[in-house]
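Okay, structure first, notes after.
The values are calculated or read from the model by the stated rules, or taken from the named source; none is laboratory data. What you see is a predicted model; the values in this text were computed from it and never measured. A quick note on method: Cβ atoms are made from the backbone with ideal geometry, for glycine too, and the neighbour counts reach across all protein chains shown.
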Amino acid sequence: MASTGTRVLAVRPARGVVAVLRLPGARGDAEGEGLHPEERALMRGVPPARHRDFAAGRAAAADALRLLGRAGPVLREGRRPRFPAGTRGSISHCRGAAAACLAATRPDVSAVGVDVERVGRLSQEAAGLVCTPAELALVRGGAAGARLLTVLFSAKEAFYKAATALDLPREPVFQDLEVLPDAGNGNGLRLAPAPGLLPGGCTVRGQVRHEGPYVWTTVLLRAGDGPR
């Protein structure tokens, strides 16, 4: 349940898919309050400085699962969150400020990724590491350039989370994905992975949303030509 001061935003990027963004107010999320007992046990293995972020991420996951008619807990498999059977999910934290979750119950969705970032965290010097030449040509100085750079970085982070859940020939790097705004598709992003990186027939769908100083991106990897 959301604690005092917390805003919970939910969208449905596709049928059977829900994304949740939690933006805490001054008080933020109470550490461990409302978590499943098994999730609280997991939190004991997290450094104390990250307890609030962990709790906010699991709370966002609980919100998303509830909207899909499912129940937690969301545990852990290696470094990844492990969602309940029949559900694929991803969690992101923006240190001390926000948490997001993307979850899907659709059988044609192979993997999902979500990322939330605060605009201005990346320097212009970082653009050369994050961006392809085509992307770099779009990134300018000032507030607009900082926001676009944040979108590019966030979309690549969300893609990385989704792609590495699959059995890939190698681990993706920033230059393996080109991200361009899709002017004709509202919140849509055009995502072009490097040839041969993803399994045959796998398609990529990305969206970006802006909420105050935050950029929130979601990525779906779909197998074959399933329902939209």
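Figures for the structure shown
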{"quantity": "Selected residue [modelled with pLDDT under 95 and not in a loop (DSSP other than H, G, I, E, B)] from Ala41, Ala19, Ala103, Ala26", "calculated": "Ala41"}
{"quantity": "Any hit, the stretch 46-53, residues being among the β-branched types (Val, Ile, Thr) and buried (at least 17 other Cβ atoms within 10 Å of the Cβ)", "calculated": "no"}
{"quantity": "Flag if Leu129 is over 20 Å from Trp216 (Cα atoms), touching a residue at least 24 places away in the same chain (Cβ under 8 Å) and not in a loop (DSSP other than H, G, I, E, B)", "calculated": "yes"}
{"quantity": "Residue, nearest to Asp182 (Cα to Cα), within the stretch 130-145, restricted to residues that are at pLDDT 90 or above and surrounded by 16 or more Cβ atoms within 10 Å (Cβ to Cβ)", "calculated": "Glu135"}
{"quantity": "Residue check for Leu148: in a helix (DSSP H, G or I), over 18 Å from Arg106 (Cα atoms) and of a type in the set (A, V, I, L, M, F, W, C)", "calculated": "yes"}
{"quantity": "All positions within the stretch 63-73 that are closer than 17 Å to Ala85 by Cβ and either surrounded by fewer than 23 Cβ atoms within 10 Å (Cβ to Cβ) or not assigned by TED's automatic domain parsing to the domain that holds Gly34 (or both)", "calculated": "Arg66, Leu68, Gly69, Arg70, Ala71, Gly72, Pro73"}
{"quantity": "The stretch 151-178, residues that are surrounded by 16 or more Cβ atoms within 10 Å (Cβ to Cβ), touching a residue at least 40 places away in the same chain (Cβ under 8 Å) and either in contact with a His (Cβ under 6 Å, 6 or more places away or on another chain) or in a helix (DSSP H, G or I) (or both)", "calculated": "Val151, Ser154, Ala155, Glu157, Ala158, Phe159, Tyr160, Lys161, Ala162, Ala163, Phe174"}
{"quantity": "Per-region count, the stretch 179-200, residues assigned to a loop (DSSP other than H, G, I, E, B) and β-branched (Val, Ile, Thr)", "calculated": "0"}
{"quantity": "Leu221 vs. criteria farther than 19 Å from Asp108 by Cα, under 17 Å from the mean Cα position of the chain (by Cα) and not assigned by TED's automatic domain parsing to the domain that holds Ala99", "calculated": "no"}
{"quantity": "Test: residue in the stretch 98-109 that is small (Gly, Ala, Ser), in contact with a Leu (Cβ under 6 Å, 6 or more places away or on another chain) and within 30 Å of Val139 (Cβ to Cβ)", "calculated": "yes"}
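Here's the yes/no breakdown for (1) touching a residue at least 12 places away in the same chain (Cβ under 8 Å); (2) surrounded by 15 or more Cβ atoms within 10 Å (Cβ to Cβ):
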position	(1), (2)
Gly188	yes, yes
Gly200	no, no
Gly206	yes, yes
His210	yes, no
Trp216	yes, yes
